[in-house]
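Encoded as structure tokens, here's the structure I'll be asking about.
The values are calculated or read from the model by the stated rules, or taken from the named source; none is laboratory data. Keep in mind that this is a model prediction, so the values were computed, not measured. Quick reminder, even Gly has a Cβ in these numbers, built from the backbone with ideal geometry, and neighbours come from all protein chains shown.
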Amino acid sequence: MPPHPAHGDDHARGRKAVRRSGRRRASSAWGHYRLECGPMSAPLPPRIRATRLLLSLIPRLIAALPQRARLALGRGLGWLMARALKKRRRIMQANLTVAFPDWTAGARDDLIDEHFARLGAGICEGFWGWFGNLDRVPDYRVIGLEHLEAARAAGQGVILNAAHVTDMELGVYFVSRHAPVHAVYRPNNNRAIDSLINLGREKHLAGLIHREDTRAMVRALRAGEVLWTAPDQNYHGKTSAFIPFFGLPAATNTAMPILARMGRAVILPYHVRRFGNRYELAIESPISGLPSGDDVADTQRLVERLEAEIRRHPAMYLWGHRRFKTLPEGYPPLY
């Protein structure tokens with residue numbers, strides 16, 4: 001595999017960094033109100049609650065393990081997934097061929113194996129975020145926290161423009177220790193699984209907002225709250241546009257600058273990375289002139305920031321999504 005930047009170079013020497021670990025109360029009573037949507041407020045039938053309880057047993061057991069054991073177990077889970085999820089592996093190979101055409105097939109396969117190991121570890125660490133002891137927080141540091149704090153001090157809402165990465169769940173949890181966070185989500189098709197996921201999330205989030213509930217997003221932003229969203233998947237709705245992503249036009253949601261304009265909010269690119277058993281959160285500075293009124297151009301600037309981050313840490317990105325499912329007319333299907 002081609003060499004990647006050394007981890008030590010990724011810590012942005014000289015930039016302000018904040019390290020947080022230790023105790024935190026389990027409560028998530030942020031601010032003066034709570035936007036409750038979907039699973040966070042809807043009552044569940046007894047059958048769904050019973051299924052959720054059974055499904056939660058293994059995640060709760062994993063969450064109780066020491067971090068090193070969770071990571072080791074997760075790597076083993078990743079090894080199994082890499083061999084069992086053959087269809088997902090083919091999707092990853094197709095995506096990586098687009099992203100890194102100069103790499104050998106062997107180098108791309110090595111990256112996929114590394115990605116699965118990280119994905120398994122991210123799942124087990126995510127279980128800790130849902131059900132673990134919050135007095136034993138994994139070590140992490142925040143780069144660029146001043147950008148989030150400055151916006152909030154000015155009474156401005158914040159859109160954390162994130163992406164689907166292997167440590168996404170803990171990335172949401174960590175930033176919620178510094179500000180009330182409303183996460184934009186798509187419900188799982190299985191109601192019991194969806195309820196389980198959101199049972200774990202609700203203890204540290206200020207609210208969950210359905211991805212179609214634009215009014216709730218705008219209300220949160222105008223109230224000076226923080227909105228976490230990951231709009232990096234294939235999208236062909238009314239605000240879709242084909243924007244280059246690793247050189248191929250990808251159907252992309254251009255709603256972030258629209259939302260920023262409606263909510264009078266600032267957009268901050270947001271990344272989470274894991275190096276060994278330590279985490280790093282990177283909150284980038286606001287992009288100058290955004291929103292500009294040209295939603296496609298603004299979204300392209302956000303996509304370029306994301307692509308640069310993925311090139312620095314390719315194994316951390318979720319390559320298993322069919323990112324290029326929708327292509328312009330005349331392009332052959334990728335999957």
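Please state which one of ALA250, ALA282, ALA255, ALA260 is more than 23 Å from VAL226 (Cβ to Cβ), hydrophobic (A, V, I, L, M, F, W, C) and either touching a Ser or Thr at 6+ places or on another chain (Cβ under 7 Å) or buried (at least 17 other Cβ atoms within 10 Å of the Cβ) (or both).
ALA250
So which of PRO231, PRO286, PRO332, PRO244 is out of contact with any Leu (no Cβ under 9 Å at 6 or more places or on another chain) and either assigned to a loop (DSSP other than H, G, I, E, B) or within 19 Å of TYR185 (Cβ to Cβ) (or both)?
Going through PRO231, PRO286, PRO332, PRO244 in turn, just one is out of contact with any Leu (no Cβ under 9 Å at 6 or more places or on another chain) and either assigned to a loop (DSSP other than H, G, I, E, B) or within 19 Å of TYR185 (Cβ to Cβ) (or both): PRO332.
Could you list, in sequence order, the residues of segment 165-185 that are part of a loop (DSSP other than H, G, I, E, B) and in contact with a Gly (Cβ under 9 Å, 6 or more places away or on another chain)?
Once the filter is applied, which keeps residues that are part of a loop (DSSP other than H, G, I, E, B) and in contact with a Gly (Cβ under 9 Å, 6 or more places away or on another chain), segment 165-185 yields THR166, ASP167, PRO180.
Let me ask something else about it. Quick check, is GLU212 under 30 Å from ILE123 (Cβ atoms) and free of Cβ contacts under 8 Å to residues at least 24 places away in the same chain?
Yes; evaluated as a whole, the condition is true for this residue.
Which residues, counting only those in segment 254-289, are on the phi > 0 side of the Ramachandran plot and touching a residue at least 60 places away in the same chain (Cβ under 8 Å)?
Across segment 254-289, the qualifying residue is only ARG264.
Taking the options ARG83, ARG23, ARG13, name whichever one is at pLDDT 80 or above and either among the basic types (Lys, Arg) or on the phi > 0 side of the Ramachandran plot (or both).
ARG83
Return the residue satisfying two criteria in turn: it lies in segment 317-333 and is surrounded by 19 or more Cβ atoms within 10 Å (Cβ to Cβ) and in contact with a helix residue (DSSP H, G or I) (Cβ under 7 Å, 6 or more places away or on another chain), and of such residues it is farthest from LEU85 (Cα to Cα).
Among them, the one singled out is PHE324.
Results for (1) under 15 Å from ASN253 (Cα atoms); (2) within 19 Å of the chain's Cα centre (by Cα), shown as yes or no for each residue.
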site	(1), (2)
ASN190	no, no
GLY200	no, yes
LEU205	no, yes
LEU208	no, yes
GLU212	yes, yes
MET217	no, yes
ALA223	no, no
TYR235	yes, yes
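Let me ask another. When you look at LEU199, is it in contact (Cβ under 8 Å) with a residue 60 or more places away in the chain and either part of a helix (DSSP H, G or I) or of a type in the set (Val, Ile, Thr) (or both), yes or no?
So LEU199 passes the test.
For segment 287-309, state whether one or more residues are farther than 29 Å from GLY120 by Cα, modelled with pLDDT of 95 or more and among the β-branched types (Val, Ile, Thr).
Checked segment 287-309: at least one residue is farther than 29 Å from GLY120 by Cα, modelled with pLDDT of 95 or more and among the β-branched types (Val, Ile, Thr).
Here are some conditions: (1) in contact with a helix residue (DSSP H, G or I) (Cβ under 6 Å, 6 or more places away or on another chain); (2) touching a residue at least 40 places away in the same chain (Cβ under 8 Å); (3) part of a loop (DSSP other than H, G, I, E, B). SER292 meets all but one. Which one does it not meet?
If we test SER292 against (1) in contact with a helix residue (DSSP H, G or I) (Cβ under 6 Å, 6 or more places away or on another chain); (2) touching a residue at least 40 places away in the same chain (Cβ under 8 Å); (3) part of a loop (DSSP other than H, G, I, E, B), just (2) comes out false.
With the requirement that a residue be in contact with a strand residue (DSSP E or B) (Cβ under 8 Å, 6 or more places away or on another chain) and among the aliphatic types (A, V, I, L, M), what does segment 293-309 give you?
Matches in segment 293-309: VAL296, LEU302, VAL303, LEU306.
Which residues, taken from segment 285-316, are among the polar types (S, T, N, Q), buried (at least 20 other Cβ atoms within 10 Å of the Cβ) and over 19 Å from the mean Cα position of the chain (by Cα)?
Of everything in segment 285-316, nothing turns out to be among the polar types (S, T, N, Q), buried (at least 20 other Cβ atoms within 10 Å of the Cβ) and over 19 Å from the mean Cα position of the chain (by Cα).
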